[in-house]
1. For residues in the stretch B:340-357 being closer than 18 Å to B:Asp401 by Cβ and among the charged types (D, E, K, R), which is surrounded by the fewest Cβ atoms within 10 Å (Cβ to Cβ)?
2. Inspect the stretch B:156-168 for any residue being within 14 Å of another protein chain (Cβ to nearest Cβ) and not in a helix (DSSP H, G or I) and give the result as yes or no.
3. In the stretch B:327-338, which residue that is part of a helix (DSSP H, G or I) and surrounded by fewer than 16 Cβ atoms within 10 Å (Cβ to Cβ) is nearest to the other protein chains (Cβ to nearest Cβ)?
4. Residues that are more than 18 Å from the chain's Cα centre (by Cα): which helices (runs of 4 or more DSSP H) entirely in the stretch B:351-468 hold 3 or more of them?
5. Would it be correct to say that B:Ala303 is buried (at least 17 other Cβ atoms within 10 Å of the Cβ) and modelled with pLDDT of 95 or more?
6. Quick test for you: out of B:Arg394, B:Arg345, pick the one residue that is in contact (Cβ under 8 Å) with a residue 24 or more places away in the chain, of a type outside the set (Ser, Thr, Tyr) and within 14 Å of chain A (Cβ to nearest Cβ).
7. Restricting the search to the stretch B:60-115, which residues are assigned to a strand (DSSP E or B) and within 12 Å of chain A (Cβ to nearest Cβ)?
8. Just checking, does the stretch B:178-191 include any residue being of a type in the set (Ser, Thr, Tyr), more than 21 Å from B:Thr385 (Cβ to Cβ) and in contact (Cβ under 8 Å) with a residue 12 or more places away in the chain?
Amino acid sequence: MIRRAGLTLNAGQKADLAVSFQHLVTLAAKLPRERKLSDEPAFVFLPPLPSPASPEPAKPSPRSPAAKPAPTGPARAAKAKPKAAAAKAKPKPAAKPAGKARPKAAKAPARQARRR
Amino acid sequence: MRSADVLHHLTIADAAGMIRARRLSPVDLARALLDRIERVNPSLDAYLLVTAQTAISTARAAEKAAMQGALKGPLHGIPLAYKDIYDTAGVRTTAHSRILENNVPAEDAETVRRLGEAGAVMLGKLATHEFAIGGPAFDLPWPPARNPWDTERFTGGSSSGTGAAVAAGLALGGLGSDTGGSIRFPAAYCGIAGIKPTAGLVSRRGVIPLSPSLDTAGPMAWTAEDCALLLDAIAGHDPADPASVPSTPPPGGYGVAAKRGVKGLRVGIIRRFYETDLPATAEVLEQMEDAERLLKDLGCTVATADCPPLISFNAANRLIISGEAYALHEADLIARPEAYSRAFRVRVMAGGVMRAADYIQAQRHRRALAAELNALFSRFDVLVTASTPGPAPRLADQTLDEGLSRPTYSAPANVSGGPAMSVCSGFAPNGLPLGLQIIGPPFGDATVLAVGHAVEEASGSRSRRPAI
């Protein structure tokens, strides 16, 4: 299973995975399995609704994938144009690290773009 | 004018009143908080980053507005801080992880933008468990936050820094997130208030996700009333968050609704969670008896509410989190698993080898459980139970598989999607705070806040601060 998942783990990581996997197996055993075929699955894909003004599918609604809502979290920086993002993404001069471990100076999100 | 020594212990409501009356300078307030952070944060590690200069310049603008009678509202000039999974334009946002150690977002999260629009002063970014799940961990670039009531104790997580900072007077309020209890655990262990709003009420755009079908963004502060004032600023539809739902705030807003009283409310107590399913300590059992008496004294009718066993909610919650979190982190877990903390790997990696059918069954079960829990609201206005089975445990006693190995009292509200908050309703004999959890029907956030406010007022718990 580990190989099929594409994970390359050392012995310690495999041992940790074994412990947490056993917890998931135990939790999964608590789920009821006898639901009717006709029970509605929890995932329902909702296609974008047509605009009330025009019955024809013309303009995408704000919820439509075509409208490309701003991605959340780490994905955003990856999707942003690297140059534009780098230009905007200068850390504010006021920012100063706190705590015992001092982080390295902030850089543009180029590193994040690389990881995707 | 209060002395600078106690400015950091003002509530948001009190500070707003003083700023409005021109009895408190937002600049003095920001400076008092920044001084306090400099003195106390090295013992608590609540902040990962302090944005001092920006805070002072924002506070100066707020002071100017106050002098011109142009305040935007109760948050104008109020110092806040945000869990480090909230994107902040131009300010490093790490999720407390090596993976995003140098991540600098180009835009603010929608919630941060709204708070900025309301004139709030950002003090900095707060510690979290890695990506809001993997912690407390000591193998990351920053140490975990510590509990201000006893620095050897756990803050609860994952909004650990927000809990510690608010309790210690290092911010008057802040933002956390809650996928399986991450606002309510630190609120309970740190003795503050925190609400997981109804799913969809607050935008998650720009909040680094953990489990998108469960993630909820929400406020944390010293009091329920302060949480309500923060919710007034951040609640509202955001078309760019696919889970955001159009909603109507209560008349006058959540801040007003929080103080509307609770007489006549029907309260259901879910005893089975803390008596049978996960037996609580003696002090929590006593706290729950006190809470029941207190609610009756406030004019509520109180009866026992029955619901499915805790483990059912936790099974659905944990399996969904495991599958979704692994999917989000798959590329990095394959490419560089060692970059994550061991706690994160233990809690997330098994999601890569779980069966798809289990994930689907968990989602189907979630729907059934949500229907069953929400059906109780035909008989009750709110449900009440413990927030945690005891006061904050020792940090050193935390296990890596925490959350997987035993159920939590918080998961039901994540599964149901309704609002749930933790307020401090008393203290254990060793002086550590105890949290009371209040759960409402979807979009019953105002009622939950009103019960939280009433409990705080009647218990007198808000007059006691950690001696740090």
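1. Only one residue tops the list, namely B:Arg342.
2. Checked the stretch B:156-168: no residue is within 14 Å of another protein chain (Cβ to nearest Cβ) and not in a helix (DSSP H, G or I).
3. Here the residue is B:Ile334.
4. Answer list for the stretch B:351-468: B:356-375, B:445-459.
5. No, not satisfied.
6. Residue meeting the stated conditions: B:Arg345.
7. Scanning the stretch B:60-115 gives B:Ala81, B:Tyr86, B:Thr88, B:Val91.
8. Within the stretch B:178-191, none of the residues are of a type in the set (Ser, Thr, Tyr), more than 21 Å from B:Thr385 (Cβ to Cβ) and in contact (Cβ under 8 Å) with a residue 12 or more places away in the chain.
The values are calculated or read from the model by the stated rules, or taken from the named source; none is laboratory data. Note that the structure is a prediction, hence the values are computed from the model and not measured. Neighbour counts run over all protein chains shown; Cβ positions are idealised from the backbone, glycine included.
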